[in-house]
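Quick notes on the structure that follows.
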Amino acid sequence: MTPEEMVLDPFSFAADGREEEDSTGERPQPLTAAGALTEPLAGTVPPVRTIVLDRPPTPARPTEHREAVRLAPAAAGPERLSLRDVSVAYGDKEAVKSVSLSIHQGEVLALIGPSGCGKTTLLRTLNRLTELTASASRSGDILLDGEDIHDLVDTTLRSRVAMVFQQPNPFPMSVFDNVAFALREQSRKRPGKRALEPLVIDALRRAGLYDEVADDLDRPALRLSGGQQQRLCIARAIALRPEVLLMDEPCSALDPISTGVIEELIHELRRELAVVIVTHNLAQAHRVADKVAFMYLGDLIEYGTTNEVFEEPRATRTRDYVSGAFG
Ligand SMILES: Nc1ncnc2c1ncn2[C@@H]1O[C@H](COP(=O)(O)OP(=O)(O)OP(=O)(O)O)[C@@H](O)[C@H]1O
Ligand SMILES: [Mg+2]
């Protein structure tokens, strides 16, 4: 992230640092039948597209894909975000291809798919972080509560559609100030510590961290454990009462106990907002998600309830992915 981007986007300060990176570094872990994670399958060859010259080109989204995107699965609450034919390219390379989705309050949507399939790009497009990448272009519509997100001031959008990154990224200041920072940035007057205290405590409580830090809110955030730091980042993100919380592999740097705590928290948070989580961990998607969207090479291949996508996938590609046949 460049200094310019930090100014443009204080809430993504010290973000995942992947702005101009190729994201091929980390490989997803296939799932065994027992649900345990194993090493990537040795010798797995990524599937390739075949170009056939003697007949018309295959449509970008074959019929099977369209049928696999179940259009109106039962929704838990009001629609918050609506995506219509959203495409994103870096230069002339398409990373997300014509994705249409509906994201509702009261539910957790998991974005799954192999490395490089466009999950992070799609997530970052939902609060306009993608536009900070010079080579990125976008088409299609994204509506937040019916309003085009491009009609909103970017910082306002990012307080309403907040984001938590893979690596916990607390600011190098106290626990209290990490949460107060977000509140102060959104306030015209700069409220004092006493005025902010109830709001900071409330956010820490909702993030499930308060009891562990209540004795000393002035301690440096960087002295917290990794799992506590991630919950602090969640507290900072939810302090402004966003409608949507975006989480890009929020547990991948955490131990199983911290992961369990965050998963419980996600479960609780969905009462008040919509959660979109990117995860490589299929068992985690199974545990936390109400809806699952499976992406492959930028296409949304399948979208439905967690049970539908894991137990009765319509597309062959989904079936292969959720059964661990490829990563
Ligand atoms: N800033 C960028 N500039 C150019 N290309 C990019 C950029 N970010 C991502 N890409 C490319 O866009 C495609 C989608 O990348 P993205 O990071 O969205 O995938 P992903 O599904 O999140 O992968 P992973 O599971 O590895 O995190 C990849 O081919 C990647 O190389
Ligand atoms: Mg990613």
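A few remarks follow.
- Residues within segment 302-312 that are under 18 Å from R84 (Cα atoms) and either within 13 Å of ligand 1 (Cβ to nearest atom) or among the acidic types (D, E) (or both), tallied: 1
- The single condition from (1) aliphatic (A, V, I, L, M); (2) farther than 22 Å from L129 by Cα; (3) in contact with a Leu (Cβ under 9 Å, 6 or more places away or on another chain) that L246 fails is (2).
- Members of segment 186-217 found to be within 22 Å of T155 (Cβ to Cβ) and in contact with a Ser or Thr (Cβ under 8 Å, 6 or more places away or on another chain), listed by number: Q186
- Check on A253, among the small types (G, A, S) and not in a helix (DSSP H, G or I): yes
- I234 under 13 Å from the mean Cα position of the chain (by Cα), closer than 30 Å to D85 by Cβ, assigned to a helix (DSSP H, G or I) and among the hydrophobic types (A, V, I, L, M, F, W, C): no
- Scanning segment 272-327 for residues that are farther than 17 Å from P114 by Cβ and in a loop (DSSP other than H, G, I, E, B) yields E272, L273, A289, D290, E312, R314.
- Residue in segment 267-280 that is under 16 Å from the mean Cα position of the chain (by Cα), at positive phi and not small (G, A, S) present: no
- Filtering segment 155-174 to residues that are within 16 Å of ligand 1 (Cβ to nearest atom) and of a type in the set (A, V, I, L, M) leaves M163, V164.
- Filtered residues of segment 250-288 (kept if closer than 20 Å to L122 by Cβ and within 16 Å of ligand 1 (Cβ to nearest atom)): P250, C251, S252, V276, I277, V278, T279, H280, N281, L282, Q284, A285
- Tabulated pairs, segment 132-149, first over 23 Å from Y90 (Cβ atoms), second of a type in the set (S, T, Y), C-beta under 7 angstrom, 6+ apart or interchain: L143/S82
- For segment 161-229, the helices (runs of 4 or more DSSP H) that sit wholly inside it and include 1 or more residues that are under 22 Å from E263 (Cα atoms) and touching a strand residue (DSSP E or B) at 6+ places or on another chain (Cβ under 9 Å) are 175-185.
- Residue match in segment 87-94 (condition: within 18 Å of the chain's Cα centre (by Cα) and more than 30 Å from A283 (Cβ to Cβ)): yes
- When the residues of segment 115-137 are filtered to those that are among the hydrophobic types (A, V, I, L, M, F, W, C) and either at positive phi or over 11 Å from the mean Cα position of the chain (by Cα) (or both), the one that is nearest to ligand 1 (Cβ to nearest atom) is C117.
- Residue list for segment 150-176, filter: touching a helix residue (DSSP H, G or I) at 6+ places or on another chain (Cβ under 8 Å) and without any contact (Cβ under 8 Å) to a residue 12 or more places away in the chain: L152
- Members of segment 84-117 found to be out of contact with any Phe, Trp or Tyr (no Cβ under 9 Å at 6 or more places or on another chain) and within 11 Å of ligand 2 (Cβ to nearest atom), listed by number: A95, S115, G116
Rule-based calculations on the coordinates, nothing more; no lab input. Keep in mind that what you see is a predicted model, and the values were worked out from it rather than measured. Counting neighbours? That spans all protein chains shown, and the Cβs are built from the backbone with ideal geometry, glycine included.
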